[in-house]
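Right, one structure below, let's go through it.
The values are calculated or read from the model by the stated rules, or taken from the named source; none is laboratory data. This is a predicted model, so every value here is computed, not measured. Backbone-built Cβ (ideal geometry, glycine too); neighbour counts: all protein chains shown. With ligands, DNA and RNA removed, areas are computed over all heavy atoms of the protein, side chains included. Shrake-Rupley method; radii C 1.70, N 1.55, O 1.52, S 1.80 Å.
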Amino acid sequence: MENGAENEEPVAYVVTRGWLADFILRLTRPVVAWPGQELYRVVLHGHGFVHSVAGLPPRIGFYTTYFVAARDVRSAEGKAVQRLRERWDTFYSDEATGDLVIDVEESERLPQRFLRRSRWGLAFYRNDD
């Protein structure tokens, strides 16, 4: 062919949301407590929704842990709740029914000033768990 259309390489790829989300979550995300901040571990409990996955019993809640840098414990809890809500809205809200309720289960100030990773994940539970 004159323009070489048969030998052209693709200029774009279709990437599904699931693949992209998995890739982004694998990136290293350090947490640094700058001067005037402390490092906190915040355990959150999400409930008040039903999340169905084909072929599995519906999930009705989850627990997750966030590591955040903040001036005080209340600020750390607020940051953790806000980040969880943003991620829920991005990755799960379309597939769940009901309104997500987030409770702070536990907060702890950590002695470190730096954590190498701040990954997040949800440990879902079902009615029968």
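Annotations
- Selection over the stretch 77-96 of residues that are in contact with a His (Cβ under 8 Å, 6 or more places away or on another chain) and exposed (fewer than 15 other Cβ atoms within 10 Å of the Cβ) gives a count of 1.
- Filtering the stretch 39-76 to residues that are farther than 18 Å from TYR125 by Cα and surrounded by fewer than 19 Cβ atoms within 10 Å (Cβ to Cβ) leaves ARG41, ARG71, ASP72, VAL73, ARG74, SER75.
Rundown of residues vs (1) in a strand (DSSP E or B); (2) touching a Lys or Arg at 6+ places or on another chain (Cβ under 8 Å); (3) in contact (Cβ under 8 Å) with a residue 40 or more places away in the chain, yes/no style:
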| position | (1), (2), (3) |
| --- | --- |
| VAL101 | yes, no, yes |
| GLU105 | yes, no, yes |
| GLN112 | no, no, yes |
| GLY121 | no, no, yes |
| PHE124 | yes, yes, yes |
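- ALA69 hydrophobic (A, V, I, L, M, F, W, C) and assigned to a helix (DSSP H, G or I): no
- Among the residues of the stretch 99-116, those that are more than 17 Å from ALA70 (Cβ to Cβ) and among the hydrophobic types (A, V, I, L, M, F, W, C) comprise LEU100, VAL101.
- Per the listing ASP103, ASP99, the residue uniquely open to solvent by 90 Å² or more (accessible area, probe 1.4 Å), more than 12 Å from GLU38 (Cα to Cα) and not small (Gly, Ala, Ser) is ASP99.
- Inter-residue pairs, beta-carbon under 6 Å, first free of Cβ contacts under 8 Å to residues at least 60 places away in the same chain and in the stretch 46-68, second of a type in the set (Gly, Ala, Ser) and open to solvent by 50 Å² or more (accessible area, probe 1.4 Å), 6+ apart: GLY48/GLY98; PHE49/GLY98; VAL50/GLY98
- Hey, ALA76 in a helix (DSSP H, G or I) and of a type in the set (A, V, I, L, M, F, W, C) or not: yes
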